[in-house]
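Undergrad: Got a structure here, written out as structure tokens. Questions coming.
Every number here is computed from the coordinates shown, using simple stated rules; none is lab data. Just so it is clear, the model here is predicted, and its values are computed rather than measured. Positions of Cβ are generated from backbone atoms using ideal geometry, with glycine treated the same way; all protein chains shown enter the neighbour counts.
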Amino acid sequence: MSDVIVAPETRDLEDLSRDLKAWLESRMSEARDLRLENLAYPRGAGQSHETILFDAHWRENAENRSQGCVLRIRPEKFTVFPDNLFEEQYRIMKALADDGRVRVARPLWLEPDAGVLGKPFFIMEKKQGRVPVSIPPYARSGWLAEATPEQRRTLWRSAVTQLALIQKIPLDGLKFLEGPDGARQGLAQEWDKYRRFVAWLEEVEPQPILRAALARLEADWPECQLEGLVWGDARIGNMMFDDAFEVVAVMDWEQPSLGGALHDLAWFCVLSETMHGPNSAYGAPLEGMGSHDETVMLWEEVSGKCAAGLEWYEDFAQFKMTCTGVRLGHLRGTPMMDAQTMAKRLKVA
């Protein structure tokens with residue numbers, strides 16, 4: 001794994017350990033001799049939330065107990081998205097963990113009060129496995145690049161199966177993910193979110209190319225608008241895998257919605273093409289990973305839904321990714337792409 005730590009903000013881990021230990025002791029009334037060890041920032045992943053890994057050890061009912069944990073702290077300065085869905089992130093992961101079909105890390109505690117660590121936070125269980133990181137790109141180096149085609153095939157099938165199982169989750173208990181009036185769910189919710197995203201970006205500078213892309217997409221409005229849960233950042237880089245190349249956890253639920261079934265599939269397909277497909281920006285494609293058509297077929301088989309009209313959603317996914325890239329450029333003070341490249345990508349050249 002890369003030695004590069006990618007984190008929006010960092011803090012003194014000894015101070016954090018002290019404050020976190022006191023907070024956990026107030027939540028774990030039966031625990032004795034609590035100690036926290038191995039506090040560390042993840043390496044090679046994470047560009048929004050401050051995330052710290054740690055292990056908790058204690059005695060309870062005369063037994064020694066341990067729990068691997070992940071601390072996620074709500075971002076404030078390094079905000080990638082206009083919508084703060086921090087508590088919604090915790091709640092959707094809890095709903096998925098309770099349902100059991102989609103493999104997620106079980107949330108353990110939520111603290112909305114900023115007085116403890118300076119910002120709201122939550123803690124979830126730490127899963128053991130490997131993540132195809134973006135820095136350095138997993139298609140260029142690392143365990144997935146070194147895997148056999150058969151192992152990659154297993155990973156691809158497991159990843160797409162988990163992606164499709166998201167669409168098996170009943171929406172009745174997820175009303176907390178609804179959008180504002182007039183855009184409560186479905187495509188209207190995702191469309192409203194990204195129209196507001198463009199307006200947010202324009203507080204820094206005008207966005208004529210993004211405006212033109214919105215108009216082009218709206219003029220070609222899709223007929224197929226399936227209901228469904230949106231994960232928000234559907235890619236294998238947000239999944240953890242065990243040594244058998246099976247999914248251990250589906251991660252990073254920071255932008256969920258009820259926006260519809262095809263958004264995640266489109267996002268997954270676009271990023272797969274970019275990261276490891278035939279036209280990968282990172283070299284030769286990874287043999288064994290399923291093609292675009294194979295991914296769609298498997299997703300349809302597992303989800304029980306039809307992917308007709310996916311092309312529009314893939315264009316919308318490119319638009320969403322560009323919005324995120326523009327925002328990251330603002331935060332870093334360096335444009336992520338030039339105007340000509342952006343216009344070509346969004347088909348408004």
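Undergrad: R0 = 41 Å: FRET efficiency of A31 with W143, Cβ-based, nearest 0.05? Can you show the working numbers first?
TA: Numbers: r = 36 Å, r/R0 = 0.87.
The computed FRET efficiency comes out at 0.70.
Undergrad: Using alpha carbons only, how many degrees (0 to 90, rounded to 10) separate the axis of helix 86-99 from the longest principal axis of the chain?
TA: Between the helix axis and the principal axis of the chain, the angle is about 80 degrees.
Undergrad: Follow-up. To the nearest 0.05, what FRET efficiency results for D55 and A219 with a Förster distance of 56 Å applied to their C-beta separation? List each step's numbers first, then the result.
TA: On the way: r = 54 Å, r/R0 = 0.96.
The value I calculate is 0.55.
Undergrad: Within region 108-131, what residues put their amide N at less than 17 Å from the label point 7 Å along the Cα-to-Cβ vector of R11?
TA: Correct set: 109-124.
Undergrad: Using only Cα atoms, tell me the angle between helix 292-303 and the longest principal axis of the chain; keep it within 0 to 90° and round to the nearest 10.
TA: In the chain, helix 292-303 runs at an angle near 60 degrees to the longest axis.
Undergrad: Hey, another quick one. Per DSSP H run of at least 4 residues, take -39500 (n - 2.57); add these up for the chain, divide by its residues and hand me the 222 nm value, nearest 500 deg cm²/dmol. Intermediate results must be reported in sequence, preceding the final value.
TA: Values: 9 runs with 130 residues, N = 349.
When only DSSP H runs of four or more count, the value is -12000 deg cm²/dmol.
Undergrad: Which aspartates and glutamates have a Cα less than 17 Å from the Cα of K344, not counting those fewer than 8 places away in the same chain?
TA: Cross-link targets: E273, E311, E314, D315.
Undergrad: Mind telling me which of A266, A234, A307 comes out most flexible in a GNM of the chain, alpha-carbon contacts under 10 Å?
TA: Result for the chain, Cα springs under 10 Å: A307 fluctuates most.
Undergrad: Another question, if that's okay. Is any residue of region 136-179 close enough, with backbone N under 19 Å, to a label point placed 7 angstrom from the Cα of D99 along the Cα-Cβ axis, and if so, which?
TA: Answer for region 136-179: 158-179.
Undergrad: Binning at 10 angstrom from zero up to the longest distance, how are the C-alpha pair distances of region 149-345 distributed in percent?
TA: 8, 34, 36, 19, 2
Undergrad: Name the aspartates and glutamates eligible as straight-distance cross-link partners of K77: C-alpha to C-alpha under 14 Å, and not fewer than 8 places from it in the same chain.
TA: Counting by Cα, and skipping residues close in sequence, K77 has these aspartates and glutamates nearby: E9, E50.
Undergrad: Using only the alpha-carbon atoms, how far is helix 187-201 inclined from the longest principal axis of the chain? Give it as 0 to 90 degrees, nearest 10.
TA: 80 degrees
Undergrad: A further question follows. Choose one answer from G118, G142, G309: the residue with the largest mean-square fluctuation in a GNM of the chain with alpha-carbon springs under 10 Å.
TA: Residue with maximal mean-square fluctuation among G118, G142, G309: G118.
Undergrad: In percent, what relative contact order does the chain have, based on Cα pairs under 8 Å that are 6 or more apart in sequence? Mind showing how you got there, number by number?
TA: Values: 585 pairs, mean separation 58.8, N = 349.
Once divided by the residue count of the chain, the mean separation gives 17 percent.
Undergrad: Okay, moving on. If only Cα atoms are counted, what is the Rg of the chain, and what is its Dmax, in Å?
TA: Cα only, the chain: 20.5, 69 Å (Rg, Dmax).
Undergrad: Cross-link candidates for K127: which lysines have Cα within less than 27 Å, leaving aside residues fewer than 8 places away along the same chain?
TA: In chain and number order, the partners are K21, K94, K119, K168.
Undergrad: Which of V247, V230, V326 ends up with the largest GNM mean-square fluctuation for the chain, with Cα atoms connected below 10 Å?
TA: Most flexible of the set in this elastic network: V326.
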